[in-house]
Every structure is written in C-alpha cells, then in structure tokens.
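Each remark here refers to the structure printed beneath this line.
The values are calculated or read from the model by the stated rules, or taken from the named source; none is laboratory data. From a predicted model like this one, the values you see are computed outputs, not experimental measurements. Don't worry about glycine lacking a Cβ; one is built from the backbone with ideal geometry, like all the others, and counts go over all protein chains shown. Accessible surface is based on the protein model in full, side chains and every heavy atom, while ligands, DNA and RNA are left aside. Shrake-Rupley method; radii C 1.70, N 1.55, O 1.52, S 1.80 Å.
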Amino acid sequence: MSDTEPRIIVALDYPSEEAAWRLIEQLNADMCRLKIGKEMFTRLGPDFVRRVIGRGFDVFLDLKYHDIPNTVAAACEAAADLGVWMMNVHASGGRRMMESAMERLARHASHPRLIAVTILTSLSQEELTEIGFPGTPEENVLRLAALAHDSGLDGVVCSPREAAPLRQRLGGDFLLVTPGVRPASASLDDQTRVMTPADAISAGSSYLVVGRPITAAPDPLAALQAINAEIADIPI
Ligand code: C5P
C-alpha cells in the first residue's frame, strides 16, 4: 500500500444500473475504489463490471466463492480476466481451496488481490455451534484468518473490532478490509458493532468498505471527501 492510494471502497448496493451510475458519475478513481457484490453482479453480469473498470475504477468483486478447489480457482481466474482489483473466497472452503485459487492468480498477468471471509458477522454464537464451529465467533475469526494467511492469501474481510488483534497476530502486510464503518455523525442503519473511519484505520484496517453513509447521503461526493479527510493523516 502507498500513502496516497484510496483507502475507501464504496459498496455499490443498488437495485438498478441507473442508480449505480448516478453515484459513479460523481466519483473518481483517485478518491475511492468500488465494490460490486452479489446483487448487482447477478442482475447486471460481467459487462457491468467491465464498464465500471473501463471508467478507471479499481473493483473489488465481492462474490465470496466457496466450492471445490478447481471450481474456485477457475472462478478466480475468470474474475481476474475481467480485470478486477480484488476478489474474495470463504476461508471455510479450506486450505487447498485457497491455495489453488492463489496459485491460479499468481500465474495471471494482472495479479489481483485475493482475500478471505472468515465468519459472517450475521452468525450468532448459537448458529455457529449449529453448523459445527465450536468456540466463540472471535476464536473462529482468528483461527480462519490465520489459515488464510498460512494459505498465502493477501488478507481477510473483518469487523473493525477485530482489526487490532488480527494486525498484531498476522503482521503489517496482511490486508484487513473492514465494513461496519460509520462516521460519528452518520446513521447506524442495520450495523451494530461499528467504528468511525479514523478509529478503524488506527486499529489497523487497510481498506474501509463504506456503503450507505456515502450512497444514501444527500451529497455522496461530500460524504466521501469528509471520510477521506478524516483518515488522510493517519499513517499506514
Ligand atoms: O451500507 P453499509 O456501509 O452498511 O454497507 C457495507 C457493505 O459491506 C455492504 O455491501 C455489506 O454487504 C458489506 N458487509 C457488511 N458486513 C459484513 C460483511 C460485508 O456490512 N460483515
């Protein structure tokens, strides 16, 4: 990471392409990156991703692959062929799945980043036990993040509350990509365990995924600029 690269990834969670473009046209690639997830990808497909990349934006394709190693490696290669900057898999797919994906991407000319989802923050302790994961959510996050690190991945998606222990345990180069970020003045929406952008970066987050505080703001560009200003002086 360099001091000047954008650390905000704006989550494009829109039901229509028109709504997404109304936002994208106000932004530029020096200020932020963009995240395209399952809803927009399923509605609009790879052409939408190509069009966004064609406007000069780095795209995080948030499709959370989880399948047998060969299938996930092939899907990651297809995402790399699209030109995405970052993509993700579920760490619970296991070491061989993550290593196969990394090996395939290492051979790709564009070298996109591959990160892992550890435990979905929506899962309660009871649900985690029900699907056969003993221990607390925090213990599972640390264990799966360490597995992603050992499997050669570039980083993990994590809650800002987990950033400090993960940074301490997994070192300075491992990317920590954190949603659940809210400027002090913003609505919490349905997020519960939030941190401000400055606190999340200070705790060790590499990139912040921010949706509604920007996409639902009366002036999205001003909201993004305010967040960038809040984190500008915090060293990496
Ligand atoms: O609008 P908001 O800032 O809450 O959007 C956050 C984005 O990060 C959404 O795209 C959401 O799906 C994603 N996300 C999250 N919490 C997680 C993982 C992903 O909010 N634990």
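In segment 97-111, what count of residues is obtained for those that are touching a strand residue (DSSP E or B) at 6+ places or on another chain (Cβ under 7 Å) and either open to solvent by 10 Å² or more (accessible area, probe 1.4 Å) or of a type in the set (D, E, K, R) (or both)?
1
Every residue in segment 104-132 that is in contact with a helix residue (DSSP H, G or I) (Cβ under 7 Å, 6 or more places away or on another chain) and part of a helix (DSSP H, G or I), please.
Across segment 104-132, the qualifying residues are ARG104, LEU105, GLN125, LEU128.
Of the conditions (1) aliphatic (A, V, I, L, M); (2) closer than 19 Å to LEU12 by Cα; (3) free of Cβ contacts under 8 Å to residues at least 24 places away in the same chain, ALA226 clears all except one; give me its number.
Only one criterion is unmet by ALA226, namely (3).
Under 6 Å between Cβ atoms, which residue pairs at least 6 apart in sequence (or on different chains) link something in segment 141-159 that is among the acidic types (Asp, Glu) with a partner that is open to solvent by 10 Å² or more (accessible area, probe 1.4 Å)?
The qualifying pairs are ASP154/ARG113; ASP154/LEU175.
Quick check: is even one residue across segment 187-205 more than 15 Å from the ligand (Cβ to nearest atom), farther than 15 Å from ALA11 by Cα and β-branched (Val, Ile, Thr)?
Within segment 187-205, one or more residues are more than 15 Å from the ligand (Cβ to nearest atom), farther than 15 Å from ALA11 by Cα and β-branched (Val, Ile, Thr).
Under 6 Å by Cβ, and 6 or more places apart or on different chains, what pairs join a residue from segment 105-125 that is under 16 Å from VAL209 (Cα atoms) with one that is among the basic types (Lys, Arg)?
VAL117/LYS64
Report every pair of residues separated by at least 6 positions or lying on different chains whose Cβ atoms are under 6 Å apart, first residue within segment 166-182 and more than 12 Å from ALA145 (Cα to Cα) and aliphatic (A, V, I, L, M), second in a helix (DSSP H, G or I) and within 16 Å of the ligand (Cβ to nearest atom).
VAL181/PRO197; VAL181/ALA200
What number of residues within segment 145-169 are open to solvent by 30 Å² or more (accessible area, probe 1.4 Å), among the hydrophobic types (A, V, I, L, M, F, W, C) and assigned to a helix (DSSP H, G or I)?
Number satisfying all stated conditions: 2.
Out of curiosity, is GLY172 at positive phi, open to solvent by 10 Å² or more (accessible area, probe 1.4 Å) and not in a helix (DSSP H, G or I)?
When the stated conditions are applied, GLY172 does not pass them.
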